[in-house]
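Report on one structure; see the data block that follows.
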Amino acid sequence: MSKPAILTGLRANNDLHIGNYFGALLPLIDMAKKQAGTYQILLMMADLHSFSTPIDHTKLHDQIQDNLRTYIAAGLPIEQEDIFLFRESYIPAHSELMHILDCFTGVGEMGRMTQYKDKSAKIGTDRVSMALLNYPPLMAADILLYDTTYVPVGDDQTQHLEFTRDIAQRMNNKFGELFTLPKPAPEQHVFFGKDQGLRIRDLQDPQKKMSKSDESGKGIIFMHDEPQKAAQKIMSATTDSIGMIHYDLEKQPGISNLLQILSLLSGQGLQAVIKQYEGQTQYGPLKSAVAAALEQFLTTFQKAYDEVTDKTLTDKLKKSEETLNSIANKKLALVQKAVGLRG
Ligand code: ADP
Ligand code: TRP
């Protein structure tokens, strides 16, 4: 790449909610805006990773398109040449390199990875897929093909990042300088600024975080919720019987969550919102303000989403994938030569 690379993989995640939006999408878009110019930003839909555990395959394609479209609707500046939006399975070099890395990776080593251990303990080693065991080498291939320097991921991915560094070093030791090692996790944290720890809570049960795994959906605001219905979910959010507004996540998680959501929706700082409502003895006006802000926010977002045409998305993907295929194929050729596949 002509500039150092920042790469991250986005898992296809149906029904994105406002927690995903404010906690993951927006920070990534902000980062891309800030770093483009100095770095090349590679935002990859990790489509091959997305069925290492069973999924509904009739929905996968729509889900991928929806998620990509959401990034654009949320303001990803796709006109910037340094920002690439692409799909893993459209660059065959990812799978090719994965196989080569597999040949230098121990089964025992992969069996000890936390993600594999957790999931195989839940569903049993007979039913767990080879792809789950093989998840880290595919992720390493994603990263190493582009000599990536920084990889913004959550803490649960740190072990995979460390494996990427290990396998890159192992290959370099054996075959000469093939790969750039991504920075170690602590340096990544310094570069990206420590995770702000934003956690939007479930509206019905504010003790837990808003998460798509909640079956009923009553406590979750989805990005595609009908705006008026979403506003009703706010009006029936669980609060408490204390009868006075304080920002206190322990004693008043429901109220504090509403203050937090209002601050995100309105773009006002949390302190400003707290100052405005603290000490009030009625919860109704706060709920109404959040409901109105939410209705407005979803209406605006959904309009922007509808305006992202198929052509806009396809053009960006095509352009990114063309450029990246050529970069990835060069790196792959180097590795193929090093291991003796090519003369
Ligand atoms: P879910 O819990 O809905 O399955 P994921 O675990 O797939 O969400 O998370 C996708 C991204 O969204 C992660 O970066 C995660 O930190 C962020 N995220 C998920 N839920 C929330 C939340 N309630 N508040 C803030 N960020 C969240
Ligand atoms: N494993 C990552 C996750 O679950 C997604 C991912 C796949 C990824 N390939 C990647 C992240 C490469 C960063 C770099 O969130």
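Here are the numbers for the structure shown:
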item: Answer from Gln65, Gln80 - the residue that is touching a strand residue (DSSP E or B) at 6+ places or on another chain (Cβ under 7 Å), away from ligand 2 (no atom under 16 Å from the Cβ) and among the polar types (S, T, N, Q); result: Gln80
item: Failed condition for Ser211, given (1) more than 16 Å from ligand 1 (Cβ to nearest atom); (2) under 30 Å from Ala32 (Cα atoms); result: (1)
item: Only one of Asp30, Asp47 that is at pLDDT 95 or above, charged (D, E, K, R) and not in a loop (DSSP other than H, G, I, E, B); result: Asp30
item: Pick from segment 128-170, criterion in a helix (DSSP H, G or I), more than 15 Å from His49 (Cα to Cα) and touching a Ser or Thr at 6+ places or on another chain (Cβ under 7 Å), ranking: farthest from ligand 2 (Cβ to nearest atom); result: Ile167
item: Listing of helices (runs of 4 or more DSSP H) fully contained in segment 210-291 that carry 2 or more residues being open to solvent by less than 30 Å² (accessible area, probe 1.4 Å) and in contact with a strand residue (DSSP E or B) (Cβ under 9 Å, 6 or more places away or on another chain); result: 253-266
item: Selection from segment 171-201 of residues that are within 16 Å of ligand 2 (Cβ to nearest atom) and of a type outside the set (Val, Ile, Thr); result: Phe179, Leu181, Pro182, Lys183, Pro184, Ala185, Glu187, Gln188, His189, Phe191, Phe192, Asp195
item: Segment 100-142, subset more than 20 Å from the chain's Cα centre (by Cα) and hydroxyl-bearing (Ser, Thr, Tyr), residue surrounded by the most Cβ atoms within 10 Å (Cβ to Cβ); result: Thr105
item: Inter-residue pairs, beta-carbon under 7 Å, first free of Cβ contacts under 8 Å to residues at least 40 places away in the same chain and within 25 Å of Tyr305 (Cβ to Cβ) and in segment 196-223, second open to solvent by 80 Å² or more (accessible area, probe 1.4 Å) and away from ligand 2 (no atom under 16 Å from the Cβ), 6+ apart; result: Asp202/Lys208; Asp202/Lys209
item: Criterion violated by Gly197 - all others in (1) at pLDDT below 95; (2) part of a loop (DSSP other than H, G, I, E, B); (3) open to solvent by 50 Å² or more (accessible area, probe 1.4 Å) satisfied; result: (3)
item: Counted residues, segment 1-17 - those being within 8 Å of ligand 1 (Cβ to nearest atom) and buried (at least 21 other Cβ atoms within 10 Å of the Cβ); result: 1
item: Pairs with Cβ under 7 Å, 6+ apart, first in segment 292-315 and open to solvent by 30 Å² or more (accessible area, probe 1.4 Å), second of a type in the set (D, E, K, R); result: Tyr305/Arg69
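To keep it simple, each residue is scored yes or no on (1) under 31 Å from the mean Cα position of the chain (by Cα); (2) within 16 Å of Arg199 (Cα to Cα); (3) at pLDDT below 95.
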{"residue": "Ile245", "(1), (2), (3)": "no, no, no"}
{"residue": "Gln252", "(1), (2), (3)": "yes, yes, no"}
{"residue": "Leu258", "(1), (2), (3)": "yes, yes, no"}
{"residue": "Ile261", "(1), (2), (3)": "yes, yes, no"}
{"residue": "Ser266", "(1), (2), (3)": "yes, no, no"}
{"residue": "Ala272", "(1), (2), (3)": "yes, no, no"}
{"residue": "Lys287", "(1), (2), (3)": "yes, no, no"}
{"residue": "Ala293", "(1), (2), (3)": "yes, no, no"}
{"residue": "Gln302", "(1), (2), (3)": "yes, no, no"}
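Residue-wise test of (1) within 14 Å of ligand 1 (Cβ to nearest atom); (2) open to solvent by less than 60 Å² (accessible area, probe 1.4 Å); (3) in contact with a His (Cβ under 6 Å, 6 or more places away or on another chain); (4) modelled with pLDDT of 95 or more.
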residue	(1), (2), (3), (4)
His160	no, yes, no, yes
Lys183	no, no, no, yes
Gly193	no, yes, no, no
Gln204	yes, no, no, yes
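The values are calculated or read from the model by the stated rules, or taken from the named source; none is laboratory data. Predicted model only: the values in this text are computed from it and were never measured. Note that we place each Cβ from the backbone using ideal geometry, even for glycine, and neighbour counts take in every protein chain shown. In case anyone asks, the SASA skips ligands and DNA or RNA and just uses the protein heavy atoms, side chains included. Shrake-Rupley method; radii C 1.70, N 1.55, O 1.52, S 1.80 Å.
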